Amino acid sequence: MAHSKRNTVIAATKNKHKLQEIKKILSGSGIVVKSLSDFPLIPDIVENGKTLAANAAKKAETVMKTFGHPALSDDSGLFVPKLSGQPGVRSARYAGPACDYPANNRKLLQNLKAYQAKDRRAYFATVMAFAVPGRKTITRVGKIWGMITETAKGSNGFGYDPVFQPCGWKKTFAEMKAAEKNKISHRSLAVQKIAKVIRQYIIKKNPKNAEFT
Ligand code: IMP
């Protein structure tokens, strides 16, 4: 299981949708992404941090330490101010420990049922973490504002995509083509920022224990 190439990072996720988006966004960047699905024996990492950044750092550092190789991770969530920030850090398990995406969307729509458009504002956030042996873990944030629609619309993407309509658009993420979502999404913004950090690492410009950028 040798991972010697400096331009290769292991993505600390088994979520196929996230992985696909990260690989698409990084295609042509010179950064090669290996996935945890290539290593099925790695147990799931418990996401028990209080923030996206804590969870992202934990995932990247666990995988980096397991393989002794740079690792990249994503932790994301949907935040609705009117619901005191929920689903937030617990976005994956909003409707209960064994819930699925439709159950989460149903719960969200139900909890916002009484609210008009102005109270349905929400943002998606992604924190990308990049962990390298012997270095401080670096995180970068991407955020996009929009609103929660009254019904679920569209079948592309994953998670809360059918109920999230980004500002300036008349369709939900799930009604967009993958390329459209990847151009503007929270994940795309965070991945582009962390890509700059990874490039600095690849070309060895970074001093030890300092930020790469
Ligand atoms: P986590 O980063 O794996 O903890 O993701 C938390 C949850 O947020 C996922 O299970 C999805 O429901 C949701 N989520 C994360 N990113 C997206 C996205 O790009 N679109 C829709 N839902 C997302």
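Observations on the model:
- Every listed requirement among (1) at positive phi; (2) open to solvent by 30 Å² or more (accessible area, probe 1.4 Å) is met by E61 save one, (1).
- Selection count, region 31-58, where residues are open to solvent by 30 Å² or more (accessible area, probe 1.4 Å) and away from the ligand (no atom under 16 Å from the Cβ): 5
Listed here are the residues, each with its yes/no results for (1) open to solvent by 60 Å² or more (accessible area, probe 1.4 Å); (2) on the phi > 0 side of the Ramachandran plot; (3) at pLDDT 95 or above.
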residue: F124; (1), (2), (3): no, no, yes
residue: A131; (1), (2), (3): no, no, yes
residue: T139; (1), (2), (3): no, no, yes
residue: K153; (1), (2), (3): yes, no, yes
residue: G159; (1), (2), (3): no, yes, yes
residue: K171; (1), (2), (3): yes, no, yes
residue: R187; (1), (2), (3): no, no, yes
residue: V197; (1), (2), (3): no, no, no
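- Of all the numbered requirements in (1) within 30 Å of P70 (Cβ to Cβ); (2) open to solvent by 20 Å² or more (accessible area, probe 1.4 Å); (3) in a helix (DSSP H, G or I); (4) modelled with pLDDT of 95 or more, R90 misses one, and that requirement is (4).
- Subset of region 168-180 (residues that are touching a strand residue (DSSP E or B) at 6+ places or on another chain (Cβ under 9 Å), within 16 Å of the ligand (Cβ to nearest atom) and not polar (S, T, N, Q)): W169, K171, F173, A174, E175, M176
- Residues of region 24-53 that are without any contact (Cβ under 8 Å) to a residue 12 or more places away in the chain and either of a type outside the set (S, T, N, Q) or closer than 16 Å to R6 by Cα (or both): G28, D38, P40, L41, P43, V46.
- Per the conditions (1) away from the ligand (no atom under 16 Å from the Cβ); (2) at pLDDT 95 or above, the sole criterion not satisfied by H69 is (2).
- None of P102, P81 is more than 13 Å from the ligand (Cβ to nearest atom), under 20 Å from the mean Cα position of the chain (by Cα) and surrounded by fewer than 22 Cβ atoms within 10 Å (Cβ to Cβ) except P81.
- Going through (1) in contact (Cβ under 8 Å) with a residue 24 or more places away in the chain; (2) open to solvent by less than 60 Å² (accessible area, probe 1.4 Å); (3) within 19 Å of the chain's Cα centre (by Cα) one by one, L108 falls short only on (3).
The values are calculated or read from the model by the stated rules, or taken from the named source; none is laboratory data. What you are looking at is a predicted structure, and each value in this text was computed from that prediction instead of being measured. A quick note on method: Cβ atoms are made from the backbone with ideal geometry, for glycine too, and the neighbour counts reach across all protein chains shown. Ligands, DNA and RNA are stripped out before the accessible areas are found, and what is left, the full protein with its side chains, is counted by its heavy atoms. Shrake-Rupley method; radii C 1.70, N 1.55, O 1.52, S 1.80 Å.
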